[in-house]
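For reference, the structure is listed below as structure tokens.
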Amino acid sequence: MRAPQIGISFKGCLLIVCPLVVQVFLSAGLLSLEQAAQNAENAERRSKEILVRITEFQKSNYDMVQSTVLFTSFGREQYRQTALAKQEEVAWRFKALEAALKQQPEQAENLKKLSVATTEYVARFRQILNMLGEGNTRYAAVLARDLRDCILVDRNNIAQLNEKIIRLEQERLSNSPESSVRLRDDQRRLIFFGIALNFAAGLIASFFFFKDIASRIGKIYADTRAYAAQKPMLPVLEGNDEISQLDRSLHEMASQLTSSQERETAMLANAGDVIFTLTSALTLSAAGGASQQLWGSSPQDLLGTRFIAMIDKQDEVRVRDLLHDLGPDKNTSFFAVLNVRDHSRVEFQINASRSRDGQSIYCVARDVSEARRIERAKQEFVNMLSHDLRTPLMSQLTFLELLTTGNYGELSEKGIKRARSVANNLKVCAGLVDDFLDIEQMETGKFELRKESCEVTKLIVSALDLVADLAQARGIEIIVEDIPPLSVPADERRIVQVIQNFISNAIKYGAKKESIVKIESRLVHDSNNPQVEIAVLDNGPGLPPEIKDRVFDRYASHTQSSSASGSAKASLINSNGLGLAICKEIIQAHGGTLGGANRAAGGCRFWFRLPLELHEVKLATVKQTD
């Protein structure tokens, strides 16, 4: 039984970890020695600092006593001021010395004794000053000289303690160079040892890592060369390490690529469009099976054929320039008429993409002759709607308006009512035609906006004028909330069309007879993008759940059955399903948003938002701040 092989990742970890472990121990040793050296340097620095501080302290003591003796001897104010200043200097000099000595635990006992002696020393100095204040200068002079002799001759406790402290620090300083030299030698020895050990660990780990890897990787390389030459590959390597897994993955990938090539060959042979490849000289180097049906030539017959020779004369120069100018890794799409084998002229849509190296152009040709015919028929239908249907409808509407106003003689009340009913039906038909024409413009990209600064108040009032008769006929009261004095950059006719659609739907489908339709408008700050919102609210039954999520989709209302519960938007369901879809296109073309939903209190709320003009936003902000 073959022993399981250690994975490359584990070997790689050993290759990295072994030297790393040596480095860690080496670093720890160096860090320890460095810390010891640092401690020695710190101790030396503290000892030097103590020697400096104690020297300054001794000098301040001597200067204070000397100034006191001079003052008691000659009585000059200058000496007195100097003695007082030196007293303060002794105090802070001792504090500095005390701070330095606290860093040396060995000096704790000396510091304690020195503190007591200094306190007594300062007390004797103050006693002398008090005697001077009482006028007993002679006795004060005697005490001052005794204090001086005590320091200079008798070597009082302070001097003895100072010498003891100095002696201890000097001993520490005398041992410091030897300690530093020893630590540096230890560091150098550790560094040399670590380098040697690290080198040895690296060699051992490298040998362990690269053992038998080269031969196994060589086998994988041989497999790749064999696959490229379409020759049989060697058997899959045994084991569970990464190289074995890579070899298995290579064999699986080769199998999948072979299957993919077979599928691509089948797709090329059975595709409905002609898939072909051009060389940089624009000759066909490969073609799919659809070429037989669409071009009348088999793929083998097309090999080496100049593609430009197949293009109709009127498109030849344009197609040649398009393909020659196509850069690497770029694509283009164009229409061209091709002369097929039976000498018929067929229009194709060709999508071309040049390869990254620029040597090949991959193309797909689709027969669009039937689609073009349908598009022409659609355009003829749109022209018929626009000229042959809409124009007579508008003429009849004009005639009926003149008829009801008495321009052709007085009509009876019944005749006027009948004429107005016919006019209303004609308006519905004209509206349907206009909706279809709007949708056609939006689909063909001919929908244009003529934006200008429009006051919100004017937009709402214009829409109200258009629905006034409908509201009066239904007995609906329209309430307009306070309109902010704002302007929006918009196409006035189109925005009025949206507002009119919302109000008309609320009157016809949402509001009950003799009820209220409310219009609201307000300033909205949405993510630092100030907008004006206009909303229309009714108190009807609300939107049916079946269409409320797609009420702005084209023909969404026609997907709802007439069996909707109650009368919820029953008339809306019977509409052409284009009005709200057109509103959506208009608002989105203005860079705005819109929506509609049922209200908790009953009825619907349809709204839209448009971005404000910049100066209006600043004005509104100032007004809100005020």
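The values are calculated or read from the model by the stated rules, or taken from the named source; none is laboratory data. As the structure is a computational prediction, the values presented were derived from the model and not from experiment. Methodologically, a virtual Cβ is constructed for each residue, glycine included, from the backbone with ideal geometry; neighbour enumeration extends over all protein chains shown. What goes into the accessible areas is simple: the full protein's heavy atoms, side chains included, and nothing from ligands, DNA or RNA. Shrake-Rupley method; radii C 1.70, N 1.55, O 1.52, S 1.80 Å.
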Task: Solvent accessible area, Å² - Ser297, 1.4 Å probe, full protein context - done: 10 Å²
Open item on the list: Rolling a 1.4 angstrom probe over the protein chains, ignoring ligands and nucleic acids, what is the accessible area of Leu486 in square angstrom, nearest 10?
Closed with: 10 Å²
Task: Label-to-label distance, nm, for residues given as Cys13 and Ser73 (7 Å Cα→Cβ offset) - done: 8.6 nm
Open item on the list: Assuming 0.36 nm per residue, please report the length gained on full extension of the stretch Asp549 to Gln396 beyond their Cα-Cα distance.
Closed with: 51.2 nm
Task: Whole-angstrom gap from segment 475-536 to segment 32-52, using each part's C-alpha centre - done: 84 Å
Task: Extension gain, Ile308 back to Phe334 (0.36 nm per residue minus Cα-Cα distance, nm) - done: 7.9 nm
Task: Sequence of Ile54, Ile374 from largest to smallest accessible area, 1.4 Å probe - done: Ile374, Ile54
Task: 1.4 Å probe accessible area per residue over segment 298-380, in Å² - done: 62 Å²
TODO: Report in % the part of the accessible area of segment 221-356 that belongs to carbon and sulfur, leaving out ligands and nucleic acids; probe 1.4 Å.
DONE: 52 percent
Task: Net charge over other residues, Cβ less than 14 angstrom from the Cβ of Ala222 (K, R count +1; D, E count -1) - done: +2
TODO: Determine the share of segment 85-132's accessible area contributed by carbon and sulfur atoms, expressed in whole percent, with a 1.4 angstrom probe.
DONE: 53 percent
Open item on the list: Quick check: with the 1.4 Å probe, what order do Asp185, Asp325 take by accessible area, largest first?
Closed with: Asp325, Asp185
Task: Ranking by accessible area, most exposed first, for Arg320, Arg76 with a 1.4 Å probe - done: Arg76, Arg320
Task: Burial order of peptide ranges 98-109, 528-539, 399-410 (average beta-carbon count within 10 Å, highest first) - done: 528-539, 98-109, 399-410
- [ ] Sticking with the crude label model, points 7 Å out along Cα→Cβ, report the distance from Gln300 to Leu30 in nm, one decimal please.
- [x] 7.5 nm
